[in-house]
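Every read-out reported here was derived from the displayed coordinates using simple, explicitly stated rules and does not represent laboratory data. Nothing here was measured: the structure is a model prediction, and the numbers come from that model. No Cβ is skipped: glycine too gets one built from the backbone with ideal geometry, and neighbour counts run over all protein chains shown.
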Amino acid sequence: MKFEIIPVTPFQQNCTLMWDEKTNKAAVVDPGADVDKIVKGLERHGLTLEKVLVTHGHLDHCGVAKTLADRYGVPIEGPHEADAYLLNDLATSQTRTWGLPPGVPFVPDRWLNQGDTVTVGGESLQVYHVPGHSPGHIAFFHPASRVAISGDVLFAGSVGRTDLPNGSMKALEKSIRTNMYSLPDDTQFIPGHGPVSTIGKEKKHNPYVPEKR
């Protein structure tokens, strides 16, 4: 499996293009905006888009998920159903909150839960439910390449905001300790914003959720 980060929106959100090298089938994770930029990424690598994946329902992560899915006639998978209220508000209250152009509301073809598996070509990713930043936030992990996509849960040296409606620092800390920190230390994770880091590094140095000893 190969991965490429495509920064989108004025917030430089890490939209991730991932693909199975054997089949050239691809998924786009968290398309917040800039459809043309994402399409160019697919075309540059000669990929066939198979599905759109969404970690959570905030506008900068999924504002054009439906637009992209409709363009290619592919399904949307994720997030967890607890974020349904956010997906309904992509064109209204979230636009006012974030100051971004309106997104397109949608209901995914498949809600995702802890323990589910998502396929991209012949590759499989594990799904983790990681609430705290939003109640329906999920993360993806590809065991074979030791790469995770954490969305706005865990960052390099930081964690996701919990001051938004339905956010919870207690839930976020539990999500990180129970799920993200359960991954191998050499796992590289792609956060929703900012640079890539490793689980081992965050266990040792993250000031918000240090590893318990």
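Things to note:
- A simple spin-label model places the labels of Ala84 and Glu4 3.6 nm from each other, with each point 7 Å out along Cα-to-Cβ.
- Pair-distance distribution P(r) for segment 39-139, from all Cα-Cα distances in 5 Å bins starting at 0: 3, 14, 22, 23, 20, 12, 6, 1, 0 percent.
- For segment 48-57, 3J(HN,Hα) per residue [Karplus equation, 6.51 cos²θ - 1.76 cosθ + 1.60, θ = phi - 60°, Hz, x = Gly/Pro]: 10, 5, 9, 6, 10, 10, 10, 7, 6, x
- Built amide H within the under 5 Å cut-off of Ser197, gap 5+: Phe189
- Short to long, the 5 Å bins of the Cα pair-distance histogram for the chain hold 1, 8, 17, 22, 22, 16, 9, 4, 1, 0 percent of all pairs.
- For segment 108-157 and segment 1-68, distance of Cα centres in Å: 15
- Taking every DSSP helix (H) stretch of at least 4 residues in the chain, weighting each as -39,500 (n - 2.57) and dividing the sum by the residue count yields a mean residue ellipticity at 222 nm of -6000 deg cm²/dmol.
- Applied to segment 10-27, the Karplus parametrisation 6.51 cos²θ - 1.76 cosθ + 1.60 on θ = phi - 60° returns per-residue 3J(HN,Hα) values of x, 7, 6, 6, 7, 5, 10, 9, 10, 8, 7, 5, 6, 10, 6, 8, 10, 10 Hz, with x for Gly and Pro.
- Using the Cβ of Ala139 as centre and a radius below 12 Å, the other residues enclosed give a net charge of -3, where K and R count +1 and D and E count -1.
- Net charge contributed by nearby residues that have their C-beta within less than 9 Å of Ala69 (K/R +1, D/E -1): +1
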